[in-house]
Amino acid sequence: MSASTEQKRSPGHSLLLWATREERAGTVRLICAEASERVLAGRDETVVAWRGCLDDLPRALPFELLSLGVGRVVLDLTDCGGPWRTEWSELALVAGVTDRLQVAGEPPADAKRPKQVLDADAMPVLRRRSIFGLGGVPDEQTPGLPDHGSPQQRLRTVIRKLAGDHGQAPEPPAAGWSSGALDLVSEGCTACRVCVQSCPTDALALQTAGRRAGLGFDPSLCIGCGKCVVVCVPKALNERGRLGPPALLGEPVLLELFEVRACSRCLTPFRGTGEHCPVCTYRVQNPFGSTMPPGWGPST
Ligand code: SF4
Ligand code: SF4
């Protein structure tokens, strides 16, 4: 599949494309398709139904709509008890758009049944090809569409763009952040790379140069899932709290720098005084057993 096709099919593409062509900066009310039959909306609002739960909405999407010129986005959570609504509010705080992203359960005072509910996956976007009959700019090459990297990269890009207008990250809520990056610390890392391989967003990296190794962490890519802490067999990696959405504005950090040596059997760099890395040590001691020590990799 070509990159342009992937971009065209990414979640919310149709809605974003519509936003680039929409000249009036009004309000977009997003609601899950299931609840759209009973939605109430303000007179000037465009109601858009998302196929599925609003919790499945790419976190970047409402912010990308705002960055494309939509005046206000309402996430309509009427009748919805989703515990994740705090996450949206925290992201809006960091992006500096609490007045433009409304996480709402109540309809506005002038609310009525809308004349039309649009489908987020099939927005009424006019193609230049159909107007002029002469080809023209294909949809997926429309200038101004957000960069479609990983979901977390998309979120980082748009939050930085919006937050850039108002300067510094906000103070944390009194109870602390409830979503976003973990505050990781490392002491005693053995360079096994299990956490690196387990991280779903590539927020961790282990780099070696000669006899030195460093465990790096990019908080702006961390989604706070905690997998890395769970899989660390030597318990070197730990969390001391949550950095929260302000980490989206931060830079990579070095968690630990240490000396390594090459395993005499597989040449993998490892931390220790023995001849073999932990995996080879285990294999030498258990030639007929599992190929990996307990807790190391998917074969265990
Ligand atoms: S899982 Fe633990 S020991 Fe292994 S590389 Fe990560 S921090 Fe280091
Ligand atoms: S908490 Fe999850 S996303 Fe963050 S570094 Fe660990 S594995 Fe990666």
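The values are calculated or read from the model by the stated rules, or taken from the named source; none is laboratory data. All figures in this text were calculated on a predicted structure; none of them were measured in a lab. Heads up, the Cβs are rebuilt from the backbone with ideal geometry, glycines too, and the neighbour counts pull from every protein chain shown.
Selection of the stretch 188-197 for residues being within 16 Å of ligand 2 (Cβ to nearest atom) and more than 18 Å from the chain's Cα centre (by Cα) yields Cys189, Cys192, Arg193, Val194, Cys195. The requirement of being among the hydroxyl-bearing types (Ser, Thr, Tyr), over 21 Å from Arg51 (Cα atoms) and modelled with pLDDT of 80 or more is satisfied by Ser178.
Screening Trp50, Trp84 for residues that are crowded, with 19+ Cβ neighbours inside 10 Å and in contact (Cβ under 8 Å) with a residue 24 or more places away in the chain leaves exactly one candidate, Trp50.
When restricted to residues that are farther than 26 Å from Leu91 by Cβ, free of Cβ contacts under 8 Å to residues at least 40 places away in the same chain and within 13 Å of ligand 2 (Cβ to nearest atom), the stretch 198-231 contains 1. Contact map, the stretch 271-292: first residue within 22 Å of Gly214 (Cβ to Cβ) and assigned to a loop (DSSP other than H, G, I, E, B), second residue modelled with pLDDT of 80 or more and of a type in the set (Ser, Thr, Tyr), Cβ cut-off under 8 Å, separation 6 or more or different chains; pairs are Arg271/Thr190; Gly272/Thr190; Gly274/Thr281; Cys277/Thr268.
Can you confirm whether Ala203 is modelled with pLDDT under 95 and aliphatic (A, V, I, L, M)? So Ala203 fails the test.
Selection within the stretch 245-270: residues that are in a loop (DSSP other than H, G, I, E, B) and of a type in the set (Gly, Ala, Ser). The member of this set that is farthest from Ala181 (Cα to Cα) is Ser264. Quick check on my filter: what residues within the stretch 229-244 are touching a Ser or Thr at 6+ places or on another chain (Cβ under 6 Å) and not in a strand (DSSP E or B)? Scanning the stretch 229-244 gives Val231, Pro234, Ala236. Taken together, the residues in the stretch 200-241 that are surrounded by fewer than 17 Cβ atoms within 10 Å (Cβ to Cβ), more than 10 Å from ligand 1 (Cβ to nearest atom) and under 20 Å from Gly176 (Cα atoms) amount to 5. Checking Glu64, Glu90 one by one, the residue that is touching a Phe, Trp or Tyr at 6+ places or on another chain (Cβ under 7 Å) and either assigned to a helix (DSSP H, G or I) or modelled with pLDDT under 90 (or both) is Glu90 and no other.
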